[in-house]
Amino acid sequence: MNNFIIKEINKDINNGLSKKKLKFRFAPEPNGVLHLGHVKALYINFKLAKLFNCKINLRFDDTNPKNENLFYVKKIINNIKWLGFKWNKLSFTSDYFLILYKWAKKLIIKKKAYIQYYNKNTQKNYNVYDIDKNLYHFNNMKLGKYDENMFVLRANISKELPNYHLKNPIIYRIIKKNHYKTLNKWCIYPTYDWAHGQSDYIEKISHSLCSIEFQNHKPLYNLFINYIYNKTFNSLKPKQIEFSKLNIIDTITSKRQFNYLIKKKIIKNYEDPRLSTLNSFKKKGYKSIYIINFIKKIGFTKRNYNISIKTLDIEVKKILIKKAPIIMVLFNPIKLIIKNFKKKYVKWIKLNNKYKIPFTRYIYIEYDDFKLKHDNTFYRLSLKNYIRLKYSYIIKAYKIIKKKNKIKKIYCKIYKNIKNIKSTIQWVSYNFIKKIKILNYKYIYFNKKKNKIYNINSLKSIIGYTDKIYIKNLKINNIYQFLRIGFFYFYKKNNFIKILYMEKKY
RNA sequence: AGACUCGUGGUGUAAUGGUAAGCACAUCAGAUUUUGAUUCUGACAGUUAAGGUUCGAAUCCUUACGAGUCUACCA
């Protein structure tokens, strides 16, 4: 693995940064569960910690009690454990509320921050540039004497700069809601800009990796660290490095949209298989390695890109094609009569030392695997093609019976010593058929340009048929290949979830 | 509109200013095959454009064009 982040860190080391001082952090806000996009940030941070053999913190960036709660903290921790990443220290930005508050007061004293308030009568904002008054109002804010939206603390930087984030950004606001961790201790909360870099500095993080939308905040990040810098406490200034975030066109990774879908009752929770949260993948029987392999594949750069969720499917398929045991399943069965096979006879075909499947005179095959009109590009069953029934005989059709223009029965004969069979198909014996339920879905996705959500109703249940003897051998929570169809997760008795279809080229 | 960031085959990524721009996926052929899968072999295809600096530019500079992010009391 080589990417610009590693290069940048190596550069810092060559410029004198001690390797011992390297430290990373993953800092999610506990306002939702993790999705595919988070894994990118997770992976790079934990990978770097491993690569440089240094420490990594898991820090919950909990500066806004309106959005956050303990439920998500627990969920996120479980998600990270599921992925197999181990952190050295668990921390919370809320642990630092007191010191952040003290630093903000210092800022006021240094005339680098001021109070702004909104006067209802005149509908205007007023700024206070008097240190004592600023401290007075800030204290009142803290004591809960003011309402939300009336008073804020702003940094005093410049109104002239073109970068909006440097235009006297708000660093403290009033939020009168209990914080899940600090409870009712605070009613003022630092904003991201005033909390994140400072927390990195407190935790002695050397490189603070984040996605590219924070690049506009970088000057502010550096400026605020310079404000609070104290050589005796920590001589290392953390460095923010941005990388492009995971942009998948055919699934949703935005929490806002998850919430919208829940609100509209399109999905029940974050575990819906049409989503791309880690929980929904877990529910579909995915192993974390599938997702990690996918993230590795994507790489880390600063350029923006759009990729398809199919890239994940490719990685999943690579693993499953080697691992997943095969079963024969039909979706749309059609009856086959094998004329030269004994009536009422059951031939048990050994698949391996353990398992057998029954073959009889009457079997089903997939409707699409037969074609009446001969065609050179069609390899499967027809009146001309010899084909092999998987694990068993070579057959050819010689007669069909139609009802209302639809084929109802196909008469076949077994042939021997036929070579160059082009196709092998799946089948199930008539008396041994078992109905199964398959949950089929497509990812819900949002088209930004068209401002439209797609595949809302894509979760559909379909019926399949398989062998009732063989299905008893299957293990719950395993993934199986439905021969020539795709990969399916066996999640409860007689029930499967689709993982991916094999691509059909015919 | 401005500020910031980024432009390498269809897609995702490599290349201390120095070999003929490498790899993977996709696509298309051929071989193997009891999955039209897999596997193997091969082919196709690229530095956004124009200038400049240089013995030498994907890389540095300028301009144009294109894309993304931001312009929240969210992170």
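Residue A:72 - would you say it is touching a strand residue (DSSP E or B) at 6+ places or on another chain (Cβ under 9 Å), at pLDDT 95 or above and either open to solvent by 30 Å² or more (accessible area, probe 1.4 Å) or within 14 Å of RNA strand B (Cβ to nearest atom) (or both)? So residue A:72 fits the description; yes. Mind listing whichever residues of region A:430-480 are in a strand (DSSP E or B), open to solvent by 60 Å² or more (accessible area, probe 1.4 Å) and either of a type in the set (Val, Ile, Thr) or closer than 22 Å to residue A:346 by Cα (or both)? Correct list: A:434, A:435, A:463.
Considering region A:143-173, and only residues there that are modelled with pLDDT under 90 and of a type in the set (D, E, K, R), the residue that is nearest to RNA strand B (Cβ to nearest atom) turns out to be A:167.
Just the residues that are in a helix (DSSP H, G or I) and either near RNA strand B (Cβ under 9 Å from one of its atoms) or closer than 18 Å to residue A:235 by Cβ (or both), please, taken from region A:10-43.
First, the residues of region A:10-43 that are in a helix (DSSP H, G or I): A:10-14, A:19-21, A:36-43.
Answer for region A:10-43, where residues must be in a helix (DSSP H, G or I) and either near RNA strand B (Cβ under 9 Å from one of its atoms) or closer than 18 Å to residue A:235 by Cβ (or both): A:12, A:13, A:19, A:20, A:21.
Per the listing A:185, A:218, the residue uniquely in contact with a strand residue (DSSP E or B) (Cβ under 9 Å, 6 or more places away or on another chain) and more than 13 Å from RNA strand B (Cβ to nearest atom) is A:185. Looking at this structure, is residue A:268 free of Cβ contacts under 8 Å to residues at least 24 places away in the same chain, in a loop (DSSP other than H, G, I, E, B) and more than 15 Å from the chain's Cα centre (by Cα)? Answer is yes for this residue.
Residue-by-condition table, conditions (1) polar (S, T, N, Q); (2) out of contact with any helix residue (DSSP H, G or I) (no Cβ under 7 Å at 6 or more places or on another chain); (3) on the phi < 0 side of the Ramachandran plot:
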site	(1), (2), (3)
A:59	no, no, yes
A:70	no, yes, yes
A:73	no, yes, yes
A:110	no, yes, yes
A:121	yes, yes, yes
A:131	no, no, yes
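Put simply, of A:296, A:373 the only residue that is in a loop (DSSP other than H, G, I, E, B) and either within 30 Å of the chain's Cα centre (by Cα) or among the basic types (Lys, Arg) (or both) is A:373.
Pick out the one residue from A:44, A:5, A:13 that is farther than 16 Å from residue A:288 by Cβ, in contact with a strand residue (DSSP E or B) (Cβ under 7 Å, 6 or more places away or on another chain) and of a type in the set (A, V, I, L, M). Talk me through it step by step, then tell me what you get.
Details: A:44 fails: farther than 16 Å from residue A:288 by Cβ; A:13 fails: in contact with a strand residue (DSSP E or B) (Cβ under 7 Å, 6 or more places away or on another chain).
Going through A:44, A:5, A:13 in turn, the sole match is A:5.
Give the residue that is farthest from residue A:405 (Cα to Cα), with candidates limited to residues of region A:363-375 that are within 9 Å of RNA strand B (Cβ to nearest atom) and open to solvent by 20 Å² or more (accessible area, probe 1.4 Å).
Initially, region A:363-375 is screened for residues within 9 Å of RNA strand B (Cβ to nearest atom), giving A:369, A:371, A:375.
Adding the requirement that they be open to solvent by 20 Å² or more (accessible area, probe 1.4 Å) leaves A:371, A:375.
Numbers: A:371: 14, A:375: 20 Å.
For region A:363-375, the residue satisfying everything is A:375.
This table checks each residue for (1) touching a residue at least 24 places away in the same chain (Cβ under 8 Å); (2) within 16 Å of RNA strand B (Cβ to nearest atom).
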| position | (1), (2) |
| --- | --- |
| A:464 | yes, yes |
| A:471 | yes, no |
| A:475 | no, no |
| A:483 | yes, yes |
| A:486 | no, yes |
| A:489 | yes, no |
| A:492 | no, no |
| A:499 | yes, yes |
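Of the residues that make up region A:308-318, is at least one assigned to a loop (DSSP other than H, G, I, E, B), open to solvent by 50 Å² or more (accessible area, probe 1.4 Å), within 26 Å of residue A:368 (Cα to Cα) and modelled with pLDDT of 95 or more? Among the residues of region A:308-318, not one is assigned to a loop (DSSP other than H, G, I, E, B), open to solvent by 50 Å² or more (accessible area, probe 1.4 Å), within 26 Å of residue A:368 (Cα to Cα) and modelled with pLDDT of 95 or more, which makes the answer no. Among the residues of region A:46-56, are any under 19 Å from the mean Cα position of the chain (by Cα), away from RNA strand B (no atom under 14 Å from the Cβ) and not in a loop (DSSP other than H, G, I, E, B)? Yes, that holds for at least one residue.
The values are calculated or read from the model by the stated rules, or taken from the named source; none is laboratory data. As the structure is a prediction and not an experimental result, all values here were calculated from the model. Neighbour counts run over all protein chains shown; Cβ positions are idealised from the backbone, glycine included. Remember, those area values only see protein heavy atoms, side chains included, never the ligands or the DNA or RNA. Shrake-Rupley method; radii C 1.70, N 1.55, O 1.52, S 1.80 Å.
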